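Encoded as structure tokens, the structure appears first; notes follow it.
The values are calculated or read from the model by the stated rules, or taken from the named source; none is laboratory data. None of these values were measured; they are calculated from a predicted model. Backbone-built Cβ (ideal geometry, glycine too); neighbour counts: all protein chains shown. The protein model used for the area step is the full one, side chains on, heavy atoms only, and it has no ligands, DNA or RNA in it. Shrake-Rupley method; radii C 1.70, N 1.55, O 1.52, S 1.80 Å.
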Amino acid sequence: MALINKIKTISLVILVISSVILTAVLWYSTPSYDEQNIAYIPAPYIAKDNYYVKKYLFQLTAPPFLISHTQGKNQLITQQQSTLFPKLIHNIHGMKLDGFEVITPTADDWNLLFHQTNGLEMSFLQDLPVEQLDAFFFQLLKNEPLFQSISTISRVWLFENPATKKSSIWFISDQDGKVIQANTDFDVDQWPKILEQVQQTPNLMSLEAVPTNGENPWDKANQNKPFSRILYMPNGSISIPQLTYSNQTIGIDSIKEWLFQGDNIEPIDLSKNESVFMNNNQILTFYKQQSYMVYVDNSKTDGTTSLGVGNEIDVINTKFMAKHHGWTGNYILDKMSQQDNAHLYTFRLISQALPVYWEGDTTKNPHLDTIQLQAGSSINAVSKYVRSLHYLSKKPTKQINFILPNKETILAELTKKQIPITSVNRIYPIYKAKNNSHGQVVMTPCWQMELSNGEKIQIGGVS
């Protein structure tokens, strides 16, 4: 009996020791909580060459151009000219504004802006609703009562005010014939530095201010007349390269994998051209011949949460596009419109500093010049996503010198086309894109004019 008890005791000791050893092995071989969290699968790049342009909200909603006004000299500043443009945009975005008031500019006021002081004018692709401008400025303009009486903003002009020794800003509505002025905390001591940077930046395009009604607002004779829209036309011919790019393609499987979170969804072929992938409220339609996609998420919301435009775009950018590296190029917000009681945002490609417009009718099928997105409450944070599956290679494969026409040629073309200058809202340089016979994308610089009826025409851009 004593022997049996001794054996039991030894066995128990062995079991305890084994248990301690096993616990120690498990303890030291199991990764820490932090290590387990680090071991995640990174979000996929939808582009084959991992091409992705990271964007912040103020960069997505920035204007494509700035016009520098330095004591009578007007010059176009674009996104890719040294570090000047991004620095200026960042500073303007972060300004604090107060002292809003509606003003009626006199001829002396216009003369000050155009010929005497230093300023920066934000130049857009069309007149903007105040809500869209809010997405750029750190401060909500729509909360200011004065902006409720303005339909759109045509241009925004920041300038050195010699009367107050501070920097002031004008929000100009050409459509309504109104100007709202505000004070800013933009350091007036920056203006000499900006002027020096402008002077040191090579190849800036010199422009002439041309009023569409033919009456200079700075002339005393036009003191009591409504101010005109201003077109900025080149004084001389401008050399801008024509570019050729390889046409890259995103695989629809890469898009499907991201949108459906890895679920194995088989396509439903509606025709030889059209395939549909469906998963609960998600529908992805792939148009093979035109190589574009339309994604819709019909998940319903309770309608109690209303995000501002800036917040919606920020959600689209950070919770959707950034996660699948969807900005396959330098895109900026072009316009916003209403669709299905929600904002539909159209983002336009900027290449080598100029906005890209696909040649011909783009109303039927999307091309690589635009991406359309609509915010939503689903797991993917969007309710609509429309894009071409083509994108440009990172660098052009070929470039040749190309001459943009000057002011005289532009005006002559308007006369030839029987388009009165009074019907032109704005003019700006663009790249007109099309496929060549080798499947490459050729982008030719030209001038684009937006007419008062919404039509867009191009002048130049003929190889």
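Residues in the stretch 222-244 that are open to solvent by less than 30 Å² (accessible area, probe 1.4 Å) and of a type in the set (Ser, Thr, Tyr): Ser228, Tyr232, Thr244.
Restricting the search to strands (runs of 3 or more DSSP E) fully inside the stretch 342-387 and requiring at least 1 residues that are polar (S, T, N, Q), free of Cβ contacts under 8 Å to residues at least 60 places away in the same chain and out of contact with any helix residue (DSSP H, G or I) (no Cβ under 9 Å at 6 or more places or on another chain) gives 342-351, 370-375.
Within the stretch 177-190, being of a type outside the set (A, V, I, L, M) and either under 24 Å from Glu101 (Cα atoms) or free of Cβ contacts under 8 Å to residues at least 24 places away in the same chain (or both) holds for Gly177, Lys178, Gln181, Asn183, Thr184, Asp185, Phe186, Asp187, Asp189. When every residue of the stretch 174-196 is checked against the conditions, at least one turns out to be open to solvent by less than 50 Å² (accessible area, probe 1.4 Å) and closer than 26 Å to Leu414 by Cα.
More than 22 Å from Leu128 (Cβ to Cβ) and open to solvent by less than 30 Å² (accessible area, probe 1.4 Å): is that true of Ile313 in this structure?
Details: more than 22 Å from Leu128 (Cβ to Cβ): no; open to solvent by less than 30 Å² (accessible area, probe 1.4 Å): yes.
Considered against the rule, which asks whether it is more than 22 Å from Leu128 (Cβ to Cβ) and open to solvent by less than 30 Å² (accessible area, probe 1.4 Å), Ile313 comes out as no.
Evaluation of Met278 against the conditions (1) part of a strand (DSSP E or B); (2) surrounded by 15 or more Cβ atoms within 10 Å (Cβ to Cβ) shows that the sole unmet condition is (2).
In this entry, Glu413 is excluded by the filter for residues that are open to solvent by 40 Å² or more (accessible area, probe 1.4 Å), of a type outside the set (A, V, I, L, M) and under 27 Å from the mean Cα position of the chain (by Cα).
Have a look at Ser18, Ser11, Ser82 and point out the one that is open to solvent by 70 Å² or more (accessible area, probe 1.4 Å) and modelled with pLDDT under 65. Walk me through how you get there before you give the answer.
Working: Ser18 fails: open to solvent by 70 Å² or more (accessible area, probe 1.4 Å); Ser11 fails: open to solvent by 70 Å² or more (accessible area, probe 1.4 Å).
Checking each option against the conditions leaves just Ser82.
As a summary of the residue check, Asn247 satisfies the conditions (1) polar (S, T, N, Q); (2) open to solvent by less than 30 Å² (accessible area, probe 1.4 Å); (3) touching a strand residue (DSSP E or B) at 6+ places or on another chain (Cβ under 7 Å) except for the one numbered (2). I want to confirm something. Restricting to the stretch 421-437 and keeping residues that are out of contact with any Ser or Thr (no Cβ under 9 Å at 6 or more places or on another chain) and either open to solvent by 50 Å² or more (accessible area, probe 1.4 Å) or assigned to a helix (DSSP H, G or I) (or both), which single residue is farthest from Arg348 (Cα to Cα)? Step by step, filter the stretch 421-437, then rank; the result is Ser437.
State yes or no: is Gly99 out of contact with any His (no Cβ under 7 Å at 6 or more places or on another chain), over 19 Å from Gln190 (Cα atoms) and either surrounded by fewer than 19 Cβ atoms within 10 Å (Cβ to Cβ) or of a type outside the set (A, V, I, L, M, F, W, C) (or both)? Give the steps one after another, and end with the answer.
Values: out of contact with any His (no Cβ under 7 Å at 6 or more places or on another chain): yes; over 19 Å from Gln190 (Cα atoms): yes; either surrounded by fewer than 19 Cβ atoms within 10 Å (Cβ to Cβ) or of a type outside the set (A, V, I, L, M, F, W, C) (or both): yes.
Spelling it out, Gly99 is indeed out of contact with any His (no Cβ under 7 Å at 6 or more places or on another chain), over 19 Å from Gln190 (Cα atoms) and either surrounded by fewer than 19 Cβ atoms within 10 Å (Cβ to Cβ) or of a type outside the set (A, V, I, L, M, F, W, C) (or both).
Among the residues of this structure, Ala209 counts as one that is at pLDDT 90 or above, assigned to a strand (DSSP E or B) and out of contact with any Gly (no Cβ under 8 Å at 6 or more places or on another chain). Selection of first residues in the stretch 195-213 that are under 17 Å from Gln71 (Cβ atoms) and of second residues that are assigned to a loop (DSSP other than H, G, I, E, B), restricted to Cβ pairs under 6 Å at least 6 apart or on distinct chains, gives the following pairs, ordered by first then second residue: Thr201/Gln81; Thr201/Ser82; Ser206/Asn235; Glu208/Asn235.
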